[in-house]
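Enquirer: One structure coming up, written as structure tokens, with questions to follow.
Just so it is clear, none of the values below were taken in a lab; they were calculated from the coordinates. Remember, predicted model here, so these are calculated numbers, not experimental data. Positions of Cβ are generated from backbone atoms using ideal geometry, with glycine treated the same way; all protein chains shown enter the neighbour counts.
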């Protein structure tokens, strides 16, 4: 049974994926790249127009590709293409806030109201009881805005890619709903948290989150194919985004609204850039020791205890040990990455179709292949 999830809210624990099915058949002699290639091809047979992936062990990287980057132009999938990374944006946002804490400009234990006095202030919600840390680990109790019809329907239909959404307006949509729990009570994945996190960055620095991410992460790491767009236009070599409206109808949604996701999921990257960023993040290149420890401090994120959420990253227990990971789903794109704690072993994968449904066979199959490939490194 497929489970409908909020737009951009596809957080699939690899521990869950690993137990979901038989996975990709692999011979004893198959390499990690062989396994991921077979998974990419299976993903295409499941209905993805194209799938690309990377496996990296130390400095040695191998790439895989299957299907088409653009179904309508017969362009083959290329591992160097750019794609929208969705919720993988969250790790970039969390990193900026941790850097600001290290610089003494804020504390993650500051309340939301400290920096945004009127942003969360209704009869049901009180920003003076929610901390910045609780935004980043999704324990704030704030509800989701992206599954509200007034946002989800025009976004899914891609009616106006250039429509402007002010962050506060998105938060206000969420605040119409009751809290999902008291602050700190439990994990509940809500993109509202990261819209507010982006607003905190701007309140502290005076700059849009895109500017801080560019100056603090993208430029220092040389991520030349990574960006935080504020408009839906594309440039360079792209993997086109697709939306399966029905089994017989598919739409090109490469140009889609980025305002609707903002700091929760607007960024663009490549396989190589994502791998570089995740390795740098988890090994302390971007954060001092104290902030790296905070990044990796978990709240339980699965009922069976196999996954925990840190600050923009997930740690999942798998058959080959613990792995750091996250997934991202935005209109037309599904992505995921896995990285060992020392950053030596990595898998990154992107598929160019997402129709706002979580738990599809395609997602399960490519997720299983990614995990199998990681375990083979």
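Enquirer: Run the numbers for residue 235 and residue 150: contour at 0.36 nm per residue of separation, minus the present Cα-Cα distance, in nm.
Expert: That works out to 27.7 nm of additional length.
Enquirer: Between residue 298 and residue 208, what is the FRET efficiency for a Förster distance of 22 Å, r being their Cβ-Cβ separation, to the nearest 0.05?
Expert: Once the sixth-power term is evaluated, E becomes 0.15.
Enquirer: Arrange the peptides 230-237, 110-117 so that the one whose residues have, on average, the most other Cβ atoms within 10 Å appears first.
Expert: Answer by packing, highest mean first, reads 110-117, 230-237.
Enquirer: Still on this structure, I have one more. For the Cα atoms of the chain, what angle does the longest principal axis make with the long axis of helix 271-282, in degrees from 0 to 90, nearest 10?
Expert: 50 degrees
Enquirer: In addition: Quick one: length gained pulling residue 361 to residue 109 fully straight, 0.36 nm per residue minus the C-alpha distance? The partial results should precede the final answer.
Expert: On the way: separation 252, 0.36 × 252 = 90.72 nm, distance 3.99 nm.
Full extension of this stretch gives 86.7 nm more.
Enquirer: Same structure, new question: Compute the distance from the alpha-carbon center of segment 224-247 to that of segment 283-344, in whole Å.
Expert: Centre-to-centre (Cα) distance: 24 Å.
Enquirer: Further, regarding this structure: Eigenvalues of the Cα gyration tensor times 5, then square-rooted: what semi-axes does that give for segment 3-376, in whole angstrom, largest first?
Expert: Three semi-axes, in Å: 30, 23, 19.
Enquirer: Here's something else I'd like to know. Which order results if 213, 357 are arranged by neighbouring Cβ count within 10 Å, fewest first?
Expert: With the fewest neighbours first, 213, 357 line up as 357, 213.
Enquirer: Roughly how many nanometres apart are two label points built 7 Å out from the Cα toward the Cβ at residue 160 and residue 60?
Expert: Result for the modelled spin labels: 5.4 nm.
Enquirer: While we're here: Among 125, 326, which comes first, then next, by fewest other beta-carbon atoms within 10 Å?
Expert: Arranged by neighbour count, lowest to highest, 125, 326 become 125, 326.
Enquirer: Sorting check: for 94-101, 53-60, which peptide has the highest mean count of neighbouring beta carbons within 10 Å, and how do the rest follow?
Expert: 94-101, 53-60
Enquirer: Cα gyration tensor of segment 140-269, axes a ≥ b ≥ c as square roots of the eigenvalues: rounded (a/c below 1.5), prolate (a/b > b/c) or oblate?
Expert: oblate
Enquirer: Ok, one more. Based only on other Cβ atoms within 10 Å, what is the fewest-to-most ordering of 320, 375?
Expert: 320, 375
Enquirer: For a Förster distance of 22 Å, can you work out the FRET efficiency between the beta-carbons of residue 124 and residue 168, rounded to the nearest 0.05? If you can, show how the numbers build up before the last one.
Expert: On the way: r = 17 Å, r/R0 = 0.76.
Plugging the Cβ-Cβ distance into 1/(1 + (r/R0)^6) gives 0.85.
Enquirer: Helix 32-46: angle to the longest alpha-carbon principal axis of the chain, degrees 0 to 90, nearest 10?
Expert: Result, in degrees: 80.
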